[in-house]
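The values are calculated or read from the model by the stated rules, or taken from the named source; none is laboratory data. Fair warning: this is a prediction, and the values are worked out from it, not measured in the lab. Positions of Cβ are generated from backbone atoms using ideal geometry, with glycine treated the same way; all protein chains shown enter the neighbour counts. To get the accessible areas, we keep the full protein, side chains included, count just its heavy atoms, and leave off ligands, DNA and RNA. Shrake-Rupley method; radii C 1.70, N 1.55, O 1.52, S 1.80 Å.
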There are 2 protein chains.
Amino acid sequence: MTLAAGVLEGNRLALARLLTHIENDTADGRAALGELFPYTGRAHLVGVTGAPGTGKSSLVNQLARSIRNPGGGQAPQRVAVIAVDPSSPFTGGAILGDRVRMRDLAGDAGVFIRSMASRGSLGGLAATTSGMVQVLDAAGFEIILVETVGAGQAEVDIARLAHTTLVVEAPGLGDEIQAIKAGILEIADILVVNKADRPGVENTERALRNMLQLAHPVQHTFRHHGTLESVSSAMLEPVKEQPIWVPPVLRTVATEGSGMEQVWQAIIQHRQHLEASGEWQQRERSRLETELDGLLQATLVSRWRNQISAQEYQRVIARLVDRLISPWQAVQALLDGDQT
Amino acid sequence: MTLAAGVLEGNRLALARLLTHIENDTADGRAALGELFPYTGRAHLVGVTGAPGTGKSSLVNQLARSIRNPGGGQAPQRVAVIAVDPSSPFTGGAILGDRVRMRDLAGDAGVFIRSMASRGSLGGLAATTSGMVQVLDAAGFEIILVETVGAGQAEVDIARLAHTTLVVEAPGLGDEIQAIKAGILEIADILVVNKADRPGVENTERALRNMLQLAHPVQHTFRHHGTLESVSSAMLEPVKEQPIWVPPVLRTVATEGSGMEQVWQAIIQHRQHLEASGEWQQRERSRLETELDGLLQATLVSRWRNQISAQEYQRVIARLVDRLISPWQAVQALLDGDQT
């Protein structure tokens, strides 16, 4: 039986093995992705991003617990967690981290947790995450939480994969730290102020609402504060025709599990919004196009490399280092033959 | 007269205009880079990276001032600053920032400062920075300071361009924040604890030395603590034969200008080390190879895009979205023709 067939049958060992193939980008892994691809497209991908110190990992664990034990007679959904931590080059922490995480949710076949302590390139990290998401999607996990550190472009790229992006903040991390995340706020669908039992929670909320107003001026002014002051009537028209999502700001204390049910309900509402507005399909399409572009680029480069002679490449590099030709002239020499 | 010729003559307006061409990746900009490339390779590139709140920008300004007014009868060198701030999508802060910065050093023809508030892709950011560095190098600036925010892979990529990398810390930013920078410490040549008049400076220094020991175990144990405890005699041999650089940890209070002369002398010593050890040539070569690879990749993709029909591309995307073919199969269909 192939790994892909094992994954479709619900074999957890096959699933873990295939994810390792994906992480190492093996030929077997690629073949399995091809087999599994027709079974993908059902999972709701939720990106969870935030700086170290926001309690993001506890929040993800508690959220997984809420999804498995929802209130109000809702059915539990199957949930997978991918924890991406590109900022930790020294630790073998991924495996230890998994053990600590697993203890909490161990023995529940509806939960799967996987850490990645990748040192790979950025494109590589996003591509690996995308492959893992496809495998977990095909394996029947309905919610896939992708946890990232939220400090750079890598996280923004991974968040772009998601249908719904949660940005986690905590009181007392300082204005300077928040400034760095302005770019990430642009892609936030739900904002969570974790550690909300700490002093300064009001300040953090206020800072977030101010930044939201910069990021989504019309929607936020209109919906959130319920005032029309800064909204012209012309700008209001499209609001009436199409639903606009206003990122809610929610308080949680993940270590005590408080506020988690509200976060889970916000995620469900965001999915309903995406489906009603047609954005779900748009995000699917743009996600697949992005992935295709990355694969095309990698394939074009590796095919070209296999065809050029090492001698020719070294000869051009030597001329470049001696500054006899410029980098652009070197590209032309390599792609169009010797013209220098 | 071409922009490139103007730059070589020392025309500052031509320089500013050409940098704008580089930032927008125009055909004129590329042509000028080709003209200027033979005049490059002399400047010492110094990357300065650190989290928001470390006072990195003040440090860069004061460092520029020290380079222009060196102690001990040294000749002043011409210095250019490129400030890269990819984390600030909302501000038009680059231009305002330049004005504030310029005021301090205005009227000194040996100083040139340029900010980039780029939203471009990561490859784009590193490529743009590299092009700007080449222009400033050809324009005769002997020291080029490249200031980055230090929060992600983008900064690591830009730091890899540099001959010398300064990492700036400050007391009181918290252990969690420091953890995120472990990856950046690996590439640090000089560590600066700025705001050294604040409480906690000893803790910050201790944390840095501990992290350095993880990143450079042998060198640091041997050189810095002057103890041989954890160094086997076999490991010591290469130390005797080839000079090893041990990143110094320096204290500064940039707002008062204190400690700046020591930082400048450490930069000079690092250059001497690079030249004596042959690393200068190695870094030059690997920098040019990295740049060539990026340009090759971009060119291969854009040539391929110009040759494929939009119809064919859309047809394959549609089959992908309908999950009739996988992303890898889509790549094969696009590159090798219709086989599906």
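Overview of results
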{"quantity": "The lone exception for A:I325 - which of (1) closer than 30 Å to A:W245 by Cβ; (2) at the interface with another protein chain (Cβ under 10 Å from one of its Cβ atoms); (3) more than 21 Å from the chain's Cα centre (by Cα); (4) not acidic (D, E) it fails", "calculated": "(1)"}
{"quantity": "Top-ranked residue in the stretch B:20-58 [being more than 8 Å from chain A (Cβ to nearest Cβ) and among the basic types (K, R); ranked as surrounded by the fewest Cβ atoms within 10 Å (Cβ to Cβ)]", "calculated": "B:R42"}
{"quantity": "The stretch A:56-68 residues that are touching a residue at least 24 places away in the same chain (Cβ under 8 Å), paired with ones that are acidic (D, E) and surrounded by 21 or more Cβ atoms within 10 Å (Cβ to Cβ) (beta carbon under 8 Å, 6 or more apart)", "calculated": "A:K56/A:E147; A:S57/A:E147; A:V60/A:E147"}
{"quantity": "Subset tally (residues that are within 11 Å of chain A (Cβ to nearest Cβ), modelled with pLDDT of 85 or more, over 16 Å from the mean Cα position of the chain (by Cα) and open to solvent by less than 40 Å² (accessible area, probe 1.4 Å)) for the stretch B:268-298", "calculated": "2"}
{"quantity": "Failed item, numbered, when A:Q62 is tested on (1) of a type in the set (S, T, N, Q); (2) at pLDDT 85 or above; (3) surrounded by fewer than 16 Cβ atoms within 10 Å (Cβ to Cβ)", "calculated": "(3)"}
{"quantity": "Which numbered condition A:Q265 fails, given (1) exposed (fewer than 13 other Cβ atoms within 10 Å of the Cβ); (2) more than 10 Å from chain B (Cβ to nearest Cβ); (3) on the phi < 0 side of the Ramachandran plot", "calculated": "(1)"}
